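**Student:** Got a structure for you, written out below as structure tokens; questions coming shortly.
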Amino acid sequence: MAGSTLEIKDLHVEIEGKEILKGVNLTIKGGEFHAVMGPNGTGKSTLASAIMGHPKYEVTQGQILLDGEDVLEMEVDERARAGLFLAMQYPSEISGVTTSDFLRSSINARREEGDEIPLMKFIKEMDEALDYLEIDKNMAQRYLNEGFSGGEKKRNEILQLMLLKPEIAILDEIDSGLDIDALKVVSKGINKLRDENFGCLIITHYQRLLNYITPDHVHVMMQGRVVKSGGPELAQRLEAEGYDWIKEELGIEDETVEQNA
Amino acid sequence: MAVETKLPYEKSYIEEFSNKRNEPQWMKELRLQALEQANSLEMPKPDKTNISKWDFSSFKHDFAQGEKLSSLTDLPTEIKDLFDKDNLPENLLIQRNQSVAYSAISKELQDKGVIFTDIFTAMNEHEDLVKRYFMKDGVSVDEHRLTALHAALMNGGIFVYVPKNVQVEVPLQVVFWQEDPEAALFNHVLVVADENSSLTYVENYISHNPDEKTVANIVAEVIAQDNAKISFGAVDNLSAGTTSYVNRRGVAYRDATIDWALGQMNDGNTVFENITHLVGDNSLSNAKAVTVGRGKQTSNMTAKIVHFGKNSEGYILQHGVMKDSASNVFNGIGKIEHGASKSNAEQESRVLMLSEKARGDANPILLIDEDDVTAGHAASVGRVDPLQLYYLMSRGITQHEAERLVIHGFLAPVVNQLPIESVKKQLTQVIERKVN
């Protein structure tokens, strides 16, 4: 088996005292692309944030393991250096720090002191990725996400993904707010990383993205749990028929995590 | 219980001090009159900071000689870092204690009539010019006790003059190196750009007296005549033992521009004011300042732009980082006088606090006496945003490095304005040292 394995076991997560995830189980291996789908408010983004260690989310029960290592014991930066990456739905704006400086610091954070990436090599790699994602080269000298359009922010997340080459990436609604051309470019970037060492968890509530990135596994979340899993055909059925049939099958009336509140 | 002790300096002391410098009669008289005024004037009262307990009276006033430098290689590293080693500045003056240790000015500028020399030499060699501008258009002797004391006790400084229609392309750089840990610095900088001229000037203040108590009383007067353009950069880096009063004053006449990029990195208590008078129509000023406070230091920073001319524009930007139990007040004042129609006064003051005990205050003031104007202000006092740190750390950057990036980013809008690359780098290093 190649690549890393991310295991999520019986994960319960609270935000401000309110339980959002109520026992999520999921395993992602290197080489696999998983899609987590579901209507709004079912806990998909919470799952992404909890894996990365967002300060507002508290794990109350369960485990997250990366190649057997306890991710929940790690700080956010340690998780990243262990091989995790989250393309965020709402990335922060950092005034005064150029995208280029930030990228270089991020790459060097994974390397030993004294073994920093040579400047010319970095520029070459960055320029190639910028071209591949059809991003204006000026973006590298602009302050990180400051004044970026929604589409630019998404592309910038994928730019980081391409340069940092993590073992396991989580993409949180990377398709939201993208027009079809931008969606194609972003998908192209993600597909380029596809190999037996790279695992990916794609969170979306539109099937649209999955027309460009074919998942190996599709999971549906409702009420803070994974309620159904299948192959790519599951996504197609959701596109054609919506979520009602799953709710009927499982006897769910309100799919959101609010239902107990 | 204000500290209103009588000065230990007598008329005779001032007379003798002036005589020793071979000063013209008018200067001696100005000093003596200032001394008298100092005894009756009150201390300045910076808004929101009480300085009545600050020690502005423990110092040794003299003309401390500094040894001449035959070469720049003899300098301590932190001063050498101010220059590009492979490309030494053409126009450089180093004042070591109270005397000139090194000075260079390009032949080209000399031929064009540019004056770049210490204030005492200037008083004799260019008496008319110095007399015309010294504490006339800019700072008045009788503003308060510290300006009067400044005039009475001035013991160093420089004079810059750019004649009409002369453009100075290469920056003029000055280092005020206070090597004697106890010598008080009453430094006067007078920069005059005559009509249609332009220049870039950058100064650094450095001292090494963490424990020895002394005082810095610094006045800079920056005069831009019609259609002149002055870019003025400064990094103040005086040690914890120095209590400082720093007053940089600009006067911009018709179509003139004065841009400030000021780094207030002193470790001692500091009153820092930067006031620009936009006297002429269409005059413009960008006043940018940053500060980093640490330890127990208190600072009060006032940036003020006063609009007299029509269609004048003033932009204030102040960013500060406070750690330990340091505290800082930013007063931002945009004042538009009656008649200054179509003027625009904008300001932004922000403080970032890095510890529980640090204090920051941003105090925006707009005083507007004319209807047909625009004005705006933004102010904030806060901590490092945990979501910014989360985002940076999610890429593998450590918390310490993430904080460093956020802080440098926060100060970048001013640091990046400094017109000399080596000074910019040195300021970055000073910031690094102060925040770590």
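**Student:** So with the 1.4 Å probe, I'd like the accessible area per residue for the protein assembly as shown, rounded to whole Å².
**Tutor:** On the way: 27770 Å² over 697 residues.
Accessible area per residue: 40 Å².
**Student:** Going by amide H atoms built from the backbone, whose H comes under 5 Å of the H on B:GLU203, apart from near neighbours?
**Tutor:** The list, which skips near neighbours in sequence, is B:VAL174, B:GLY233, B:ALA234, B:VAL235.
**Student:** Only Cα pairs under 8 Å and at least 6 apart count here; give the relative contact order of chain A as a rounded whole percent.
**Tutor:** Value for chain A: 29 percent.
**Student:** Put +1 on the Cβ of every Lys and Arg and -1 on every Asp and Glu Cβ in the protein assembly as shown; which of A:ASN211, A:LEU84, B:ILE365 then has its Cα farthest towards the positive end of the dipole?
**Tutor:** The one lying farthest along the dipole's positive direction is B:ILE365.
**Student:** Take the Cβ-Cβ distance between B:GLU90 and B:GLU195 as r, set R0 to 25 Å, and report the resulting FRET efficiency rounded to the nearest 0.05.
**Tutor:** Computed FRET efficiency for B:GLU90 and B:GLU195 comes out at 0.55.
**Student:** Turning to a different aspect of this structure: Compute the distance in nm between two label points, each set 7 Å from the Cα along the Cα-to-Cβ direction, one at B:SER71 and one at A:GLU249.
**Tutor:** Each label point is offset 7 Å from its Cα along the Cβ direction, giving 8.4 nm.
**Student:** Round to a whole angstrom and tell me the spacing of the C-alpha centers of the stretch A:18-47 and the stretch B:120-181.
**Tutor:** Going from one Cα centre to the other spans 68 Å.
**Student:** Please name whichever of B:PHE176, A:ILE64, A:VAL226 sits farthest to the positive end of the charge dipole of the protein assembly as shown, dipole taken about the Cα centre and charges placed at Cβ: Lys and Arg +1, Asp and Glu -1.
**Tutor:** B:PHE176
**Student:** Distance in nm between label sites at A:ASN197 and B:ASN436, each 7 Å beyond Cα in the beta-carbon direction?
**Tutor:** 3.3 nm
**Student:** To continue, here is another question. How crowded by other chains is B:409-418, given as the mean number of beta carbons from other chains within 10 Å of each beta carbon?
**Tutor:** On the way: counts 11, 4, 1, 5, 3, 1, 1, 1, 0, 0.
Across B:409-418, the average partner-chain Cβ count within 10 Å equals 3.
**Student:** When only Cα pairs under 8 Å and 6 or more residues apart are kept, what is the percent relative contact order across chain B?
**Tutor:** Reported as a whole number, the value is 10 percent.
**Student:** Which entries of B:LYS60/B:LYS357; B:LYS342/B:LYS424; A:LYS56/A:LYS153; B:LYS60/B:LYS434; A:LYS44/A:LYS153; B:LYS28/B:LYS48 show an alpha-carbon separation above 24 angstrom in the structure shown?
**Tutor:** Correct reply: B:LYS60/B:LYS357; B:LYS342/B:LYS424; B:LYS60/B:LYS434; B:LYS28/B:LYS48.
**Student:** Kindly tabulate the residues in the stretch B:345-393 with an accessible-area decrease of at least 10 Å² between the chain alone and the assembly of all protein chains, using a probe of 1.4 Å.
**Tutor:** So the qualifying set is B:PRO386, B:LEU387, B:GLN388, B:TYR390, B:TYR391, B:LEU392, B:MET393.
**Student:** Here's another thing I want to ask about it. At 0.36 nm per residue, minus the direct Cα-Cα distance, what do B:LYS45 and B:LYS107 gain on full extension? Give it in nm, one decimal, please. Walk me through the numbers before you get to the answer.
**Tutor:** Working: separation 62, 0.36 × 62 = 22.32 nm, distance 4.52 nm.
The B:LYS45-B:LYS107 span can extend by a further 17.8 nm.
**Student:** Positive end of the charge dipole of the stretch B:11-383 (Lys, Arg +1 and Asp, Glu -1 on Cβ, about the Cα centre): tell me which of B:GLY339, B:SER197, B:LEU41 has its Cα farthest that way.
**Tutor:** Checked the options; the winner is B:LEU41.
**Student:** While we're looking at this one, here's another question. Going highest first, how would you order B:323-334, A:105-116 by mean Cβ packing within 10 Å?
**Tutor:** Those peptides, ordered most packed to least, come out B:323-334, A:105-116.
**Student:** Give the Rg/Rh ratio for chain A, taking Rg as the radius of gyration of the Cα atoms and Rh as the Kirkwood radius, to two decimals.
**Tutor:** Ratio value, two decimals: 0.96.
**Student:** Counting Lys and Arg as +1 and Asp and Glu as -1, each charge on the Cβ, what is the dipole of the protein assembly as shown about the Cα centre in debye, to the nearest 20?
**Tutor:** 1040 debye
**Student:** Test of understanding: in a Gaussian network model of chain B with alpha carbons linked when under 10 Å, which of B:LYS80, B:LYS20, B:LYS136 would top the mean-square fluctuation ranking?
**Tutor:** Answer for the Gaussian network model of chain B: B:LYS20.
**Student:** Compute the normalised compactness of the stretch B:11-383: alpha-carbon radius of gyration over 2.2 N^0.38 Å, N being the residue count. All intermediate terms of the calculation are to be shown ahead of the outcome.
**Tutor:** On the way: Rg = 19.8 Å, N = 373, 2.2 N^0.38 = 20.9 Å.
Cα-based Rg divided by the globular estimate yields 0.95.
**Student:** As an exercise, find the ratio Rg/Rh for the protein assembly as shown from alpha-carbon atoms, using the Kirkwood inverse-distance average for Rh.
**Tutor:** 1.09
**Student:** I would also like to ask the following. Which residues belonging to the stretch A:54-97 lose at least 40 Å² of 1.4 Å-probe accessible area when the assembly is complete, relative to their chain isolated?
**Tutor:** A:HIS54, A:PRO55, A:VAL76, A:ASP77, A:MET88, A:SER92, A:ILE94, A:VAL97
**Student:** Grab the beta carbon distance between A:LYS18 and A:GLU75, set R0 = 22 Å, and tell me the FRET efficiency rounded to 0.05.
**Tutor:** After rounding to 0.05, the efficiency reads 0.35.
**Student:** Separate question: Other chains near B:177-185: what is the mean number of their Cβ atoms within 10 Å of each residue's Cβ?
**Tutor:** On the way: counts 0, 0, 0, 0, 0, 0, 0, 0, 0.
Across B:177-185, the average partner-chain Cβ count within 10 Å equals 0.
**Student:** Another question, then. Straight-line reach from B:LYS335: which lysines have Cα under 16 Å away, leaving out those fewer than 8 places along the same chain?
**Tutor:** Leaving aside lysines fewer than 8 places away in the same chain, those within reach of B:LYS335 are B:LYS304, B:LYS310.
**Student:** Additional query: Could you please state how large a percent of the accessible area of the stretch B:11-383 is carbon and sulfur, counting protein chains only and using a 1.4 Å probe? Write down the numbers at each step before the final one.
**Tutor:** Details: 6010 of 13590 Å².
Summing carbon and sulfur atoms, their accessible area is 44 percent of the total for the stretch B:11-383.
**Student:** Can you list residues whose amide H is under 5 Å from A:ARG225's amide H, if they're 5+ apart or on another chain and H is modeled 1.01 Å from N?
**Tutor:** It is A:LYS22, by chain and number.
**Student:** Would you kindly compute the Cα radius of gyration of the stretch B:334-415 and its largest Cα-Cα separation (Dmax), both in Å?
**Tutor:** 18.0, 56
**Student:** Per residue of the stretch B:26-35, in order, report the coupling 6.51 cos²θ - 1.76 cosθ + 1.60 (Karplus, θ = phi - 60°) as ³J(HN,Hα) in whole Hz, putting x for Gly and Pro.
**Tutor:** Listing the rounded values in order: 4, 5, 4, 5, 4, 5, 5, 5, 4, 4 Hz.
**Student:** For the interface of chains A and B, what total accessible area is buried with a 1.4 Å probe, rounded to the nearest 100 Å²?
**Tutor:** 2000 Å²
The values are calculated or read from the model by the stated rules, or taken from the named source; none is laboratory data. All of these numbers come straight from a predicted model, not from anything done at the bench. A quick note on method: Cβ atoms are made from the backbone with ideal geometry, for glycine too, and the neighbour counts reach across all protein chains shown. In case anyone asks, the SASA skips ligands and DNA or RNA and just uses the protein heavy atoms, side chains included. Shrake-Rupley method; radii C 1.70, N 1.55, O 1.52, S 1.80 Å.
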